[in-house]
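First the structure, in the form of structure tokens, and then the observations on it.
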Amino acid sequence: MVNTIDLFAGCGGLTEGFKQSGHYNTIACIEWDKAPCDTLRHNLQKKWKYNDADKRVIQFDIQRTEELINGWNDPVYGTSEGLDVLVKEYGGTVDLIIGGPPCQAYSVAGRIRDKDGMKNDYRNYLFENYIEIVKHYKPKAFVFENVPGILSAKPGNGEHLIIDTIKEKFNESGYVILNDLSNAIIDFTEYGIPQKRSRVIILALKRDSFSNPNQLLEKFYTEILPSKKVLKPKTVREAISDLPVLVPLETPKKIGGKNYSHSFPGSNFTVKNHIPRFSSKRDIKIFKLLTEDIESGRMEYVSTDALKQLYTSVTGKVSNIHKYHVIRWDEPSNTIPAHLYKDGLRHIHPDPRQLRTITVREAARLQTFPDDYEFITKTALDYKMIGNAVPPLFAKLLADCIYNFIFQ
């Protein structure tokens, strides 16, 4: 088994895929946010039978790297003997590190929304803590995942590309990565993910563990990983159409202090997290207009200008971007973002009977989380962590390739 640590683990998209591969022993997962930690612990324990998931999933601030490694006593994060003790107990060595710092500071969308273009965001430099962990454990390889915007981000004074700094730090630490990282931009739809999503997947090899690391990396990106591509993209219909139909109620109901605008599955339905978020009568009316417009073939409200005009006519407000989007049955979905926790209007269900935005389970399926992966926190937090995750299906394919290429 390959001993693995997951940094910036979130709710466990990468770890889930690597576990599905069957070749990896998860020593530890590091994440600072409580809700993803709770979710990851729950699934490691219930699904993967890790009775010690409370120890392996570490809620701590990776910026405090020395404490993370050697132990801490903290009023917020509690007490721990540290990562070194876990490594000694659960594997002895670290063979592979996986993970990627939060992407908001590097994303083009994030830079547009932030008044300073994210140049002063502390998350720009979390890669340094990632590298500190790599330097300490010296794994044979590591996987660094992020948004394509990391290749163009210029934090601080805006004079230097952050990716050049990252490359330099990797090299100084004794690791080789692909020379042209534009070739590391992966379109997940090509790998069977029913969602338009691209990410930079950087595989780094320890220089003194391989006789020809540069040639190996070229082969990995041109032959090994592409061998997992699918013949045609997977569609929304294939991903979610078998889930129960959830229709608007004639009169909204209040159950347990929570308002419901739609029906939801009965207790005999075993797949969790398939409960719609509340929709106002105004939004339900808009969903009806938009879904019927597409199904009828009229297509009057599919252009950006038409959708922006509709938003203005309904709300009296003006938006620079269109607020509404109906996902299409026979295409991959648009990207499932973390922002989904605030606003589902760009992920409207395509069925004109249902007149709602997608559920947590539907978002999870479009991210390829299996139905036995349960989300156990507040609905908004579930949406957020799903949007931040790496699709487990791609993670499994990546894990298989890395194992067969490096560790077998």
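The values are calculated or read from the model by the stated rules, or taken from the named source; none is laboratory data. All figures in this text were calculated on a predicted structure; none of them were measured in a lab. Here Cβ is always computed from backbone atoms with ideal geometry, including for glycine, and neighbour counts include all displayed protein chains.
Numbers at a glance
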| quantity | calculated |
| --- | --- |
| Condition check for N273: in a loop (DSSP other than H, G, I, E, B) and on the phi > 0 side of the Ramachandran plot | yes |
| For K229: the one exception among (1) closer than 21 Å to T357 by Cβ; (2) touching an Asp or Glu at 6+ places or on another chain (Cβ under 6 Å) | (1) |
| Out of K55, K47, sole residue that is surrounded by fewer than 20 Cβ atoms within 10 Å (Cβ to Cβ) and either among the polar types (S, T, N, Q) or without any contact (Cβ under 8 Å) to a residue 60 or more places away in the chain (or both) | K55 |
| Odd one out for R353 among (1) of a type outside the set (S, T, N, Q); (2) in contact with a helix residue (DSSP H, G or I) (Cβ under 7 Å, 6 or more places away or on another chain); (3) in a loop (DSSP other than H, G, I, E, B) | (2) |
| Residue in the range 3-15 that is more than 21 Å from the chain's Cα centre (by Cα) and buried (at least 19 other Cβ atoms within 10 Å of the Cβ) present | yes |
| Residue among L381, L398 that alone is closer than 30 Å to L96 by Cα, in a helix (DSSP H, G or I) and either of a type in the set (D, E) or assigned by TED's automatic domain parsing to the domain that holds A9 (or both) | L398 |
| Residue check for K281: under 30 Å from F142 (Cα atoms) and not polar (S, T, N, Q) | no |
| The range 294-305: number of residues that are under 20 Å from H349 (Cβ atoms) and either assigned to a helix (DSSP H, G or I) or touching a His at 6+ places or on another chain (Cβ under 6 Å) (or both) | 3 |
| Residue within the range 136-153 that is in a loop (DSSP other than H, G, I, E, B), of a type in the set (K, R), at pLDDT below 70 and assigned by TED's automatic domain parsing to the domain that holds F210 present | no |
| Residue in the range 94-125 that is farthest from the chain's Cα centre (by Cα), counting only those that are of a type in the set (V, I, T) and modelled with pLDDT under 95 | I112 |
| Top-ranked residue of the range 154-168 - restricted to ones that are buried (at least 16 other Cβ atoms within 10 Å of the Cβ) and in a loop (DSSP other than H, G, I, E, B), ranked as modelled with the highest pLDDT | K154 |
| Residue that is nearest to G192 (Cα to Cα) [pool: residues in the range 312-335 that are hydroxyl-bearing (S, T, Y) and under 29 Å from the mean Cα position of the chain (by Cα)] | S333 |
